[in-house]
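What follows is one structure encoded as structure tokens, with my remarks underneath.
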Amino acid sequence: MLGASGLIAWRRYDRGGWSVGDQGGPREVRDYRVADHGGPSDFAVIRGTSASRPAEMVRHAVEALGGMRRFVSRGDVVAIKPNIGWDRTPIQAANTNPEVVAAVVQLVFEAGARRVVVTDASCNDPGRCFQRSGIWSRAHAAGAEVLLPAEHRFRTMRLRGEVLDEWPVYRTLIEADKVINLPVAKHHNLAKYTAAMKNWYGTLGGRRNRLHQSIDMSVADLATFMRPTLTVLDAVRVLLRNGPQGGNVDDTQRMNAIVASTDQVAVDAYGCTLIGQRPENLAYLRIGEERRLGTRDWHTLRPREVALRDDGATERYGLIVPAGVSPSDVAFDLHHPAPRIIT
Amino acid sequence: MSDLPRPLPWLGVIGQVPALDVSAPSGGPVSAVLPAPLPVEAAAPEVTMATAAAAPEVRAEPPWWASVVSKVRSKFKTPKRPGSGLPARKIIVWLRNARRVSQTGFLLLFLFLLVRTEFRGGFAGGATVRMPYPVEGFLLADPFVALMTFLSTHTIYRALWWSVGMVALTLIFGRVFCGWICPFGTLHHFFAWLIPNPQGATTGGRRVKANMTHGYQNAKYYLLGAFLVAAVCGSAIGGLFDPICICVRAIGLAVLPAANYISGRGLDGLSQTNIHALQLGSDATRDALVATVMQPRQYFFHQTWVIGALLFVVLLANRWIPRFWCRVLCPLGATLGVIARYALVGMEKDHSKCTDCNLCLVDCQGADSPQGGVKHRHDECHVCLNCEVACPEDVIKFTFLPKRTSLAKAQDTLDRRKVLTTALTGAAVLPLARTSDTIDSNYYDRLIRPPGSVPERDFMERCIRCAECMKVCPNNALHPAFLESGIEGFWTPILIPRIGYCEPTCVLCGQVCPTGAIQKINETQKLGDPVRHIEPIKIGTAFYDHGRCLPWSMATPCIVCEEFCPTSPKAIWVEEVDTPDRNGHPVHVQRPHVDPTLCIGCGACEKVCPVQDRPAVYVTSVGESRSKTNVILLETSNYNRS
Ligand code: SF4
Ligand code: SF4
Ligand code: SF4
């Protein structure tokens, strides 16, 4: 007995004191990018008309990058992170368009994914956000698992960012094989513009409200932590004022655009122009570029821009591509100023 | 009781009570001559005779398991009925089993509805969020609630007319609600069985004594009287004692969150081990729990420990007085008791056949004098039928239209002076409560009522403290008030934005409110519609504490409050300023302001303000739409609108 208690006292001796845990160490990074095996492009912009279906635009966008198989391999577990932050309906454009989410789920399954999880850590009551945004029903119908952010799905991690150190992180999002960022382009009163990089706020639990004191740095920290496989920006309907929550349809505008890229900085640099911002006004883009997360100069990413026409044909910089020709067969980039049909 | 024949001394074990005509030998204690229960082995000889030659030693030494088998068997064997041993009527035995099924079923139904009193969302749901079925159903069928609110408001609010069905049921069968349906009653029934009195175990003398009718059982009638008088004077305070309200409140606000806490901490502990299998198991369990009975996040309720502790005490009381709550305090039981005096079904007794064995009292639920020689307290009887099943003679018979001679009358039981004094108490408590710091003066500034609540005075007439709204609130915004709304408003709902704000598109609390203290509003009524000139429902107004706000006093950007402000245009607007930090360098910040004409008081800003302990923006009740007097602005005051 004495021996045992002595042993416990010796093994579990607590010196007390007031020290702070270790501060140093490299930044935590979750990198889901695929090794680049040379897709035709790394940056695609699809511009549709008000008659184009979002699903069709998403399909064109992903195909312009070389198709979903470039990003998702057979048997992958894929986490899709739309913006499901607010208790708003699709027309209010505060959350990612449910049709866009469903289209991406579909593409990911077509590429052979084993499991697709759609989730976000919402700002308002999650059940309400997921249901009323229409994402729950559309993603479920497309076969995805829609997970609500229950408390136990978060685990405290040390991110070791500039301003983000210890935070509860949404495990479901970081435990997947591939992660697809699926933001919606919106005005944001403090950050000026929110889409791809700021969408990672939804990987954090806890009281995120402190982050706003240094919003640019924390957005950059999060984007450093999360390096997605693919970013698909929903700009079908864009919230121009009163962001990020909106609430008034008058503050939104249909833009019928989808941007897809492997580079989240480039997506934001392009996307902010949609609401009349300029990339140089967004400090988090500059920090992101300094940290080599991506580039603000999307022209360097062999961009492809596709315009969908109502007759089913597509148009890129004046070239009419008849319906039935795959967008990946059409090249437009800086080195080939004239667009051409490859086959 | 003193004029009744004295019962035989209680012997302690069922089945050992001799009939009256068995003559006890003088000198020895009665139990000494009782035939010992026939041991099972005694039946063995006939069987073993045939096999004796083959294996005589088997008979001499039964295998080690024989005693176990016989013990188990005797457990399942119907014990020999004592006394004359007359069997109970088949139908009654069957009905008693039906009663057990009914109790279990209704308890489960209640728990199911309670657990479902929340919004979870789903893929099949659309943009309009409602409860798919009346989760507050038990309260709608509660005649005490209906009667109380009828007396205070002179109306029957919506589905409360269901309670007429319960009155009808009681008029036919008596207090079957208590014995067959009431979830709280079933809990007490169960606990009285689970924690029997330490002296006297399950059947002994103390238990029989406790199950005899006692004067204290009248307390509930006086209490009922006081509550009804209080209702006439304009307070539905009796809801504090309604058993369904207690069930929802105690299980919903105390037991379930506590269970959530325990299971959550336990499973968290497992998932933090480094053993993969444990982690997986814990995650899977957690997912399964959250998908069924638990909530995806921990809910907290203001001062809920009091609610939990009172539940604990009243359950524990079953140890000394079985179904203490039902017999002594329950105002719903009292209401039904009054009605049950006129019920068609009742008990008829053949007093002459009673041997005073008191077996009927062992499991009597209502303590309603089922035994012979006394008048039956029909109003106390839960119609559990245990007495008729237990009676070995032919004394007790439940029947339609019983002979009224064996039933006690109200005059025999209630004391008029006591009725009068309790009624006076009910009438006197209200003015006392209302002349303290409450409704009319020194109003607590943070007494924020849920959206759609009626004006405070009417609120007191209606709110029965059932906690349905607190249970259903998806944001954990509603809490049982402690003393915030005065002693009279104990456990009425109060919105504490710091714990949870009111979700603007949510109208669930009004939907589950059974009495209309929170009216059933729809989204358009709540959010307003500028096109149709419908004003939104305001529950308060936000104010800034500039000394604590980061952009106002610390030259630090923030405006989380503005981001979360849900109105459109936002009630919070920002002023762009360059403010110097301590070194004189200008810092660009946006300073928030509230526009009181737009603020709906939802409290989202207060909830999310990063100044953790006391937020820099907070909501007080002033400006709430429901009040004509609790206003700031002239042009939006209620008098101008109506
Ligand atoms: S207080 Fe607000 S959020 Fe809570 S239930 Fe009522 S309407 Fe819903
Ligand atoms: S309470 Fe706060 S968040 Fe709600 S409307 Fe008023 S200012 Fe906006
Ligand atoms: S959230 Fe709090 S600290 Fe931040 S601006 Fe609003 S009131 Fe000030």
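None of the figures in this text is laboratory data; all of them are computed from the coordinates on show. Remember, it's a predicted structure, so these values are computed and weren't measured experimentally. Note that each Cβ is placed from the backbone with ideal geometry, even for glycine, and that neighbours are counted across all protein chains shown.
Points worth noting:
- Gain in span if fully extended, B:His351 to B:Asn274, counting 0.36 nm per residue against the direct Cα distance: 20.6 nm
- In a reduced charge model with +1 at each Lys and Arg Cβ and -1 at each Asp and Glu Cβ, segment B:95-187 shows a dipole moment near 260 debye about its Cα centre.
- Residues B:Val72 and B:Ala288, FRET efficiency given R0 of 51 Å [Cβ-Cβ distance, rounded to 0.05]: 0.90
- Where both bridge residues fall in chain A, DSSP classifies roughly 55% of the beta bridges as antiparallel.
- Neighbouring partner chain Cβ atoms per residue of B:610-621, average, 10 Å criterion: 1
- Partner shielding of A:206-216 amounts to 5, given as the average count of beta-carbon atoms from other chains within 10 Å of each residue beta-carbon.
- Ranked by the mean number of other Cβ atoms within 10 Å per residue, highest first, peptides B:82-95, A:212-225 order as A:212-225, B:82-95.
- Most mobile listed residue (A:Glu305, A:Glu28, A:Glu280) in chain A, GNM with C-alpha springs under 10 Å: A:Glu280
- Percent of alpha-carbon pairs separated by more than 21 Å within segment A:67-224: 43 percent
- Ranked by the mean number of other Cβ atoms within 10 Å per residue, highest first, peptides A:108-114, B:277-283, A:231-237 order as A:231-237, A:108-114, B:277-283.
- In units of the rule-of-thumb radius 2.2 N^0.38 Å, segment A:1-81 shows an alpha carbon radius of gyration of 2.33.
- Span from the segment B:325-376 Cα centroid across to the segment A:115-194 one, whole angstrom: 61 Å
- Between the helical axis of A:98-110 and the longest alpha-carbon principal axis of chain A there is an angle of about 90 degrees.
- Between segment B:147-182 and segment A:240-293, the alpha-carbon center distance in angstrom: 60 Å
- Scaled radius of gyration (Cα, divided by 2.2 N^0.38 Å) that the protein assembly as shown gives: 1.20
- For B:Phe398, the residues whose modelled amide H falls within less than 5 Å of its own, excluding neighbours fewer than 5 places apart on the same chain, are B:Glu348.
- Per residue Cα convex hull volume in Å³ - calculated over segment B:563-642: 127 Å³
- Rounded, prolate or oblate (a/c below 1.5 giving rounded, otherwise prolate when a/b exceeds b/c) for segment B:479-521 by Cα gyration tensor: oblate
- Residue-averaged [θ]222 nm for chain A, counting only DSSP H segments that reach four residues, each worth -39500 (n - 2.57): -6500 deg cm²/dmol
- Other protein chain Cβ atoms within 10 Å, averaged over every residue that makes up A:235-242: 1
- With respect to chain A, whose longest principal axis is taken over its alpha-carbon atoms, helix A:2-11 is tilted by about 40°.
- Computed extension length for B:Tyr342-B:Val587: 80.2 nm, one decimal, from 0.36 nm per residue of separation with the Cα-Cα distance subtracted.
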